[in-house]
């Protein structure tokens, strides 16, 4: 009889352990790290179609997104949970004036210096505010960001749908983990 009790107890312990492990894994996925499949070529060459990446959902808890961050967000006119999520790079920050002229990005009237494929650009550039003259761009509100894909010619981004709100950002992409040959930490 004691052997049966011990076997039953062992089964219960295993079930409890598995349930706890699944609960922890589910919580991490829901609140901390989420996999995301790149489904278009708008971030090429940084990200390729069908790359699997991880996004850190806690990146902006106590910190603000910065220029150059690659983020996953829910685009305007959609709601979180409807399955429509985009991945783009932050170009303009709250309070900045963003203008695109002949493919060149200007922040507060100053040219954003970028390399040709946008992958090795120093996005830590700072742009002081110029005087308000006749401008044709977008002045970002206190909780708005201007986002663009690295593949500027093939990207549906803020040039089309306008700035995104801070609360639409789901997290910051930080690593490509599949396919293995593309394994890299994103900058």
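Taken together, the values in this text are just the output of simple stated rules run on the coordinates, not laboratory data. All figures in this text were calculated on a predicted structure; none of them were measured in a lab. Cβ sites come from the backbone with ideal geometry, for glycine too, and all protein chains shown count toward neighbours.
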Given springs between every Cα pair under 10 Å in a Gaussian network model of the chain, which of 137, 149, 171 has the largest fluctuation? 137
Would you mind ranking 143, 150 by Cβ crowding within 10 Å, fewest neighbours first? 143, 150
In degrees between 0 and 90, to the nearest 10, how far off the longest principal axis of the chain does helix 2-31 point, with axes built from Cα atoms? 0
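Most exposed first by the Cβ proxy, i.e. fewest other Cβ within 10 Å, how do 13, 114 rank?
Details: 13 10, 114 18.
So the residues, fewest neighbours to most, are 13, 114.
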Between 153, 62, 95, which gets the highest mean-square fluctuation from a Gaussian network model of the chain, Cα cutoff 10 Å? 62
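Take every Cα pair under 8 Å in the chain that's 6+ residues apart, average their separations, divide by the length, and report that relative contact order as a whole percent. Please report the intermediate quantities before stating the final value.
Working: 322 pairs, mean separation 48.0, N = 187.
RCO, the chain: 26 percent.
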Most fluctuating of 96, 113, 85 in the GNM of the chain (C-alpha, under 10 Å) is 113
For each of 50, 157, 116, count neighbouring Cβ atoms within 10 Å of the residue's Cβ, then give the residues from fewest to most. 116, 50, 157
